[in-house]
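The next block holds one structure in the form of structure tokens; read it before the comments.
The values are calculated or read from the model by the stated rules, or taken from the named source; none is laboratory data. Because the structure is a prediction, the values reported are computed rather than measured. No Cβ is skipped: glycine too gets one built from the backbone with ideal geometry, and neighbour counts run over all protein chains shown. SASA here: full protein model, heavy atoms, side chains in, ligands and nucleic acids out. Shrake-Rupley method; radii C 1.70, N 1.55, O 1.52, S 1.80 Å.
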Amino acid sequence: MKVRGTVIPVDGISQQPAELRQPTQGEKQENALSAIGVGLRKRPPVNHLANLSIYAASFVPSILNTAGNFFCVVSGGSLKVYSEGGPEQTVTFPAGQAYLAGANSAYKAVTISDFTFIVNTAQEVAAIPAPTSLPASFSNWTTLNGDASDTNLQARFFVQSQGTFKGKVQTEADLPQAGDNPAPVQGDVWQVVGDSNRRFTGFYVIRNGAAWEETYGPASELALDETTMPHSLVRQSDGTWVFQPFAWTVKGVGDFVSNPVPSFLGRKITDVFFFKNRLGFVSDSFVTMSASGFYGSFFRTTVMTLLDSDPIDITVSGTRQHIIKHAVASQGQLMLFTEQGQLRLTYGDLLTPTSVGIDVVTEYEGATAAKPVALGADVYYPTSGQFSSVYSIRTGSDGLLTVGTDITAHVPEYIPRPATQMAAGDRQNMLVVYSPNDPKALYVYRTWFAGSDRVQSSWSRWSFSLTSILGFWVRDDILYMVSRRAYNGGAAFQISLEWINMDTTFQTSGFEFDIYLDRRVQLTGSYNSSTNKTAFTIPYSYDDAELPLVQAILADGWAEKGARVNPLDVVASNLTVTLTGDYSANPVIFGIPYKMEYLMSQVFPSARRVSGRTMIRSVQISYRDTATYSLEIDTYGQGSANTTTV
């Protein structure tokens with residue numbers, strides 16, 4: 001029986017027995033990328049952008065700003081901001097940097113327009129008595145809603161001094177008026193306990209001039225200690241940045257029953273999010289959200305009626321205790337993740353204090369070191385075990401959830417535990433996972449949907465010649481990576497900002513193909529006629545093991561563009577590469593070669609009822625735009641191998 005077929009390896013690897021795998025799955029896929037419509041190709045190269053002046057593991061959130069794209073690094077109790085092009089930005093700290101004290105991994109962030117809120121998850125939130133005048137530190141606070149010089153806005157950050165608490169009345173009509181004996185005095189406070197028309201909702205009023213105004217109950221005024229609350233990072237009109245406390249409004253009405261304190265008070269905030277025009281925090285089993293459109297307000301502005309725009313404070317109910325670690329907004333849903341399960345915030349047509357709830361979606365044990373990420377209609381999250389597994393929750397067009405899809409079911413022992421960071425790129429439908437137990441690699445997942453059907457589920461491992469990856473994120477088609485690299489034989493280290501273009505159609509500028517060299521830079525050299533050498537200054541340090549591997553490629557502008565300079569004419573030192581001959585007329589591309597490996601699955605007959613032995617007569621490999629590669633064939637059961645260079 002003769003069988004002929006075509007296989008396009010677009011589904012990465014599988015750890016299932018070879019006879020159970022899909023024909024499109026392989027045994028090993030290293031530094032390769034599977035793409036429907038393109039097939040299997042070498043992973044894109046790493047390009048050098050800049051060296052960063054930090055020396056420790058750091059928190060690296062991405063900031064999308066109207067003035068451009070930036071990222072910030074929290075390291076050693078300080079904060080730095082860089083553009084995604086590499087230059088460091090100027091940051092001032094009017095109120096100091098005490099809020100940044102703590103472990104480098106203890107920070108979360110969310111960006112709303114040009115404002116980035118940064119949370120120190122190791123900091124317990126505290127309260128202080130509400131001031132009776134505008135605080136002197138107000139000038140060092142960020143105000144998001146309105147002009148900071150507006151007196152009406154300023155009034156939300158202090159309370160009015162009270163006089164004597166006079167007692168209780170049933171309704172507003174029972175309050176003393178001018179001409180009564182005794183007449184009301186400025187600052188008098190009464191409690192209106194309410195009647196059946198108000199459902200016996202009580203409130204407090206204070207005499208101010210000739211009118212009664214709503215106020216707070218005796219000894220119930222309160223302010224959030226801004227030094228323990230999340231801080232803001234804001235780009236100024238002159239291009240500099242300011243890191244300082246945010247302006248959080250005081251509790252100026254009601255008492256501790258009618259206007260309770262937010263649940264994060266006295267607790268540590270474990271994540272921050274933005275959802276339905278509200279700033280939100282999670283702490284323990286609580287979700288607390290600001291007033292709609294007023295991100296600094298976590299207290300009601302009146303207790304006489306409950307407004308739809310009032311702050312929201314809700315906890316998880318049920319038989320199991322859920323300590324929320326992460327919150328992710330996606331497709332009109334707010335997903336909550338704990339070590340015990342996965343939850344969802346529910347609400348009606350509008351998100352209001354009376355319409356909100358929390359439902360348990362699944363109760364898979366979660367690995368909470370890495371924050372889950374949204375990719376298209378899916379939210380991906382890691383789970384715990386001997387290895388890291390990754391599950392997805394998908395929101396359908398009808399708003400219903402498809403839950404508990406294990407996208408690592410066919411690679412159960414692939415990603416080391418714990419997974420500590422994840423990032424996603426919508427344009428290329430790619431998920432990137434990192435584990436410190438494989439610090440020189442990223443695990444890359446590529447998926448594709450035809451309608452609601454997942455038609456591609458490809459895992460591969462990308463390895464790099466570095467010490468560890470400190471952080472990464474995806475913007476459009478670009479994977480940005482902050483890496484730690486050794487040089488001088490491992491005696492010294494440098495931190496680099498690098499980028500990888502994940503677009504499968506990307507071409508090096510001036511070429512009709514990409515040049516596959518890691519740590520790639522394009523430079524112009526200086527020619528010395530007396531030595532017949534052209535020297536190029538490299539913007540980073542090579543490690544000793546990399547020096548003999550450096551390659552030089554003629555860039556756009558040369559008649560022989562794309563040609564490799566004879567390796568015998570390339571001499572690399574720590575910060576310099578010298579080429580024999582005059583190469584100063586046009587730029588030259590430098591980098592380190594890296595190896596791609598793909599191991600096909602063992603071939604089995606697809607018709608299980610066929611008897612006899614399987615004999616492979618021939619295998620034809622189709623390729624294009626490919627440089628030299630090696631093909632190794634092992635005879636099953638004999639341990640022998642034949643290697644052919646193509």
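Are any residues in the stretch 354-363 part of a loop (DSSP other than H, G, I, E, B) and either buried (at least 18 other Cβ atoms within 10 Å of the Cβ) or of a type in the set (A, V, I, L, M, F, W, C) (or both), and if so, which ones?
Narrowing the stretch 354-363 to residues part of a loop (DSSP other than H, G, I, E, B): 354-356, 363.
Once the filter is applied, which keeps residues that are part of a loop (DSSP other than H, G, I, E, B) and either buried (at least 18 other Cβ atoms within 10 Å of the Cβ) or of a type in the set (A, V, I, L, M, F, W, C) (or both), the stretch 354-363 yields only 356.
Filter the stretch 11-35 for residues that are hydrophobic (A, V, I, L, M, F, W, C) and surrounded by fewer than 18 Cβ atoms within 10 Å (Cβ to Cβ) and give the result.
Residues satisfying the conditions are 18, 20.
If you go through the stretch 499-516 one residue at a time, how many are touching a strand residue (DSSP E or B) at 6+ places or on another chain (Cβ under 6 Å) and either closer than 17 Å to residue 560 by Cβ or of a type in the set (Ser, Thr, Tyr) (or both)?
Residues that pass the stated criteria total 4.
Give just the number: which of (1) among the charged types (D, E, K, R); (2) without any contact (Cβ under 8 Å) to a residue 12 or more places away in the chain; (3) open to solvent by less than 20 Å² (accessible area, probe 1.4 Å) does residue 278 not satisfy?
Every condition holds for residue 278 apart from (2).
Only strands (runs of 3 or more DSSP E) wholly contained in the stretch 249-315 count here; list those with 2 or more residues that are closer than 30 Å to residue 370 by Cβ and touching a Lys or Arg at 6+ places or on another chain (Cβ under 9 Å). Steps first, answer last, please.
Working: elements: 271-275, 278-283, 286-289, 312-315.
Correct list: 271-275, 278-283, 286-289.
Hey, can you tell me all the residues within the stretch 203-231 that are at pLDDT 95 or above and more than 17 Å from residue 165 (Cα to Cα)?
223, 224, 225, 226, 227, 228, 229, 230, 231, listed by residue number.
Could you tell me how many of the residues in the stretch 470-500 are over 17 Å from the mean Cα position of the chain (by Cα), polar (S, T, N, Q) and buried (at least 22 other Cβ atoms within 10 Å of the Cβ)?
So the count comes out to 1.
Name the single residue, out of those in the stretch 521-547 being open to solvent by 20 Å² or more (accessible area, probe 1.4 Å) and assigned to a strand (DSSP E or B), that is nearest to residue 39 (Cα to Cα).
To start, the set of residues in the stretch 521-547 that are open to solvent by 20 Å² or more (accessible area, probe 1.4 Å) comprises 522-524, 526-533, 535, 537, 539, 543-545, 547.
Narrowing the set further to residues that are assigned to a strand (DSSP E or B) leaves 522-523, 526-528, 533, 535, 537.
Working: 522: 29, 523: 32, 526: 41, 527: 43, 528: 46, 533: 42, 535: 40, 537: 38 Å.
Ranking the candidates gives 522 first.
Hey, among 234, 185, which residue is farther than 28 Å from residue 261 by Cα and either touching a residue at least 24 places away in the same chain (Cβ under 8 Å) or assigned to a loop (DSSP other than H, G, I, E, B) (or both)?
Working: 234 fails: farther than 28 Å from residue 261 by Cα.
From the options 234, 185, the qualifying one is 185.
Identify all residues within the stretch 166-198 that are within 19 Å of residue 304 (Cα to Cα) and of a type in the set (Lys, Arg); write none if there are none.
Answer for the stretch 166-198, where residues must be within 19 Å of residue 304 (Cα to Cα) and of a type in the set (Lys, Arg): 168, 198.
Hey, among 340, 331, which residue is touching a residue at least 60 places away in the same chain (Cβ under 8 Å) and not hydroxyl-bearing (Ser, Thr, Tyr)?
Values: 340 fails: touching a residue at least 60 places away in the same chain (Cβ under 8 Å).
331 is the lone residue from the list that is touching a residue at least 60 places away in the same chain (Cβ under 8 Å) and not hydroxyl-bearing (Ser, Thr, Tyr).
Among the residues of the stretch 555-572, is any in a strand (DSSP E or B), open to solvent by 40 Å² or more (accessible area, probe 1.4 Å) and in contact with a Ser or Thr (Cβ under 6 Å, 6 or more places away or on another chain)?
Yes, that holds for at least one residue.
Taking the stretch 44-67, which residues are outside any loop (DSSP other than H, G, I, E, B) and either at pLDDT 80 or above or open to solvent by 20 Å² or more (accessible area, probe 1.4 Å) (or both)?
Initial filter on the stretch 44-67 (outside any loop (DSSP other than H, G, I, E, B)): 47-52, 59, 62-65.
Correct list: 47, 48, 49, 50, 51, 52, 59, 62, 64.
In the stretch 348-366, what residues are in contact (Cβ under 8 Å) with a residue 40 or more places away in the chain and in contact with a Gly (Cβ under 8 Å, 6 or more places away or on another chain)?
Within the stretch 348-366, the first condition is being in contact (Cβ under 8 Å) with a residue 40 or more places away in the chain, and the residues that meet it are 350-354, 356-358, 360-364, 366.
If the condition is that a residue be in contact (Cβ under 8 Å) with a residue 40 or more places away in the chain and in contact with a Gly (Cβ under 8 Å, 6 or more places away or on another chain), then 360, 361, 362, 363, 364, 366 are the ones that fit.
Return yes or no: is residue 330 farther than 26 Å from residue 119 by Cβ, among the polar types (S, T, N, Q) and under 22 Å from the mean Cα position of the chain (by Cα)?
So residue 330 fails the test.
Quickly run through the stretch 607-646 and pick out the residues that are open to solvent by less than 80 Å² (accessible area, probe 1.4 Å), modelled with pLDDT of 80 or more and within 20 Å of residue 22 (Cα to Cα).
Answer for the stretch 607-646, where residues must be open to solvent by less than 80 Å² (accessible area, probe 1.4 Å), modelled with pLDDT of 80 or more and within 20 Å of residue 22 (Cα to Cα): just 621.
Would you call residue 395 in contact with a strand residue (DSSP E or B) (Cβ under 7 Å, 6 or more places away or on another chain) and open to solvent by less than 20 Å² (accessible area, probe 1.4 Å)? Talk me through it step by step, then tell me what you get.
Details: in contact with a strand residue (DSSP E or B) (Cβ under 7 Å, 6 or more places away or on another chain): yes; open to solvent by less than 20 Å² (accessible area, probe 1.4 Å): yes.
The answer is yes for residue 395.
Is it fair to say residue 349 is charged (D, E, K, R), surrounded by fewer than 17 Cβ atoms within 10 Å (Cβ to Cβ) and not in a strand (DSSP E or B)? Before the answer, list the steps.
On the way: charged (D, E, K, R): yes; surrounded by fewer than 17 Cβ atoms within 10 Å (Cβ to Cβ): yes; not in a strand (DSSP E or B): yes.
Judged against the criteria, residue 349 is a match.
Only one of (1) open to solvent by 10 Å² or more (accessible area, probe 1.4 Å); (2) farther than 15 Å from residue 117 by Cβ fails for residue 303. Which number is that?
Status for residue 303: all satisfied but (1).
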